[in-house]
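Trainee: The structure follows.
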Amino acid sequence: MSDLGDDLTGCADLLRRGDPDRFRAAMAAPVAARRVLFPVYAFNVEVSRAPWLTQESIIAEMRLQWWRDALDEIAQGGKVRRHEVVTPLAEVLDAEGAALLDALIVSRQWDIYRDPFEDEAHLTRYLEHTSGNLMLAAARALGQADAAVVMDAGYATGVAGWLRAIPALEEAGRIPLLDGRPEGIRALAQDGLRRLAAARARRNDISAQARPALLASWQAEGVLRHAFAQPQLVPDGGLEPSPIRSSLGLMARSVTGRW
């Protein structure tokens, strides 16, 4: 038990350094929920940064394969490799949760290369399988949750995060948008807002136990509305939320449960 406690502390620290927004969302969740959120989100930190740690695509592929192998061990339900993130992750994931995160890794292979998205469906699938699957895996591990509702919220969260990341992605030589004109950015933001509204219209389909997983969407609406109103700010990184307003918004959602 002490090893698991140390692992969870390690996951929390990894999350704090690698994904401050999800760390804040996890810290706003009930203490019991953090046992799930810390390892799931720490897994995402490790996987999302793997393609960026090397210029060698084969090494990046090998890093992602290591995590796919770890998830396969979890899905099989047998002995799982000892690792600060994998060990506590195995405590909270079932086979379906492991499959969701495996699909996340497959989509992350796009990050290794410099090819543009093939079409709108490809970009949508990438955002659903990364941000959406992450949120769904966390929600399922916590309690009952309608998959379609979580996927809508996860997609909207993914769009918001993607638009915030545009400057860094372009600087790294990636082509993150199908249409980088203001019209294209506005359309993407509008799609995110539409799906976030659809998810919130069905809040009651998410159990109280699973709701902490959706706290990660707390900044999505503000970012998406900002991008829709002023798409010209996206290339310059002008979508960063106000720290004070962001903190107050997270606090309100944590207290009310109305993500």
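Trainee: Compute and list, largest first, the equivalent-ellipsoid semi-axes of the chain from the alpha carbon gyration tensor, each √(5λ) rounded to a whole angstrom. Show your work: numbers first, answer last.
Mentor: On the way: eigenvalues 148, 106, 53 Å².
Each semi-axis is √(5λ); the values are 27, 23, 16 Å.
Trainee: Just the number, please: carbon plus sulfur as a percent of the accessible area of the chain, 1.4 Å probe, no ligands or DNA/RNA counted.
Mentor: Values: 6260 of 12090 Å².
Ligands and nucleic acids excluded, carbon and sulfur reach 52 percent.
Trainee: Working out 0.36 nm times the residue gap between A252 and E73, then minus their Cα-Cα distance, what length gain in nm do you get to one decimal? Walk me through the numbers on the way to the answer.
Mentor: Values: separation 179, 0.36 × 179 = 64.44 nm, distance 3.89 nm.
In short, 60.5 nm is gained.
Trainee: Okay, moving on. Show me, for region 149-158, the HN-Hα J-couplings you get by feeding each phi into the Karplus relation (A = 6.51, B = -1.76, C = 1.60, θ = phi - 60°), rounded to Hz, glycine and proline as x.
Mentor: 5, 5, 5, 4, 5, x, 5, 4, 4, x
Trainee: With label points built 7 Å along Cα→Cβ from the Cα atoms of A172 and S207, find their separation and express it in nm.
Mentor: Output for this residue pair reads 3.6 nm.
Trainee: When each pair of different Cα atoms in region 18-88 is counted once in the 1/r mean, what is the Kirkwood radius in angstroms, to one decimal?
Mentor: Answer for region 18-88: a Kirkwood hydrodynamic radius of 13.4 Å.
The values are calculated or read from the model by the stated rules, or taken from the named source; none is laboratory data. This is a predicted model, so every value here is computed, not measured. Every residue, glycine among them, receives a Cβ derived from its backbone with ideal geometry; neighbour counts consider all protein chains shown. Accessible surface areas use protein heavy atoms only, side chains included; no ligands, DNA or RNA. Shrake-Rupley method; radii C 1.70, N 1.55, O 1.52, S 1.80 Å.
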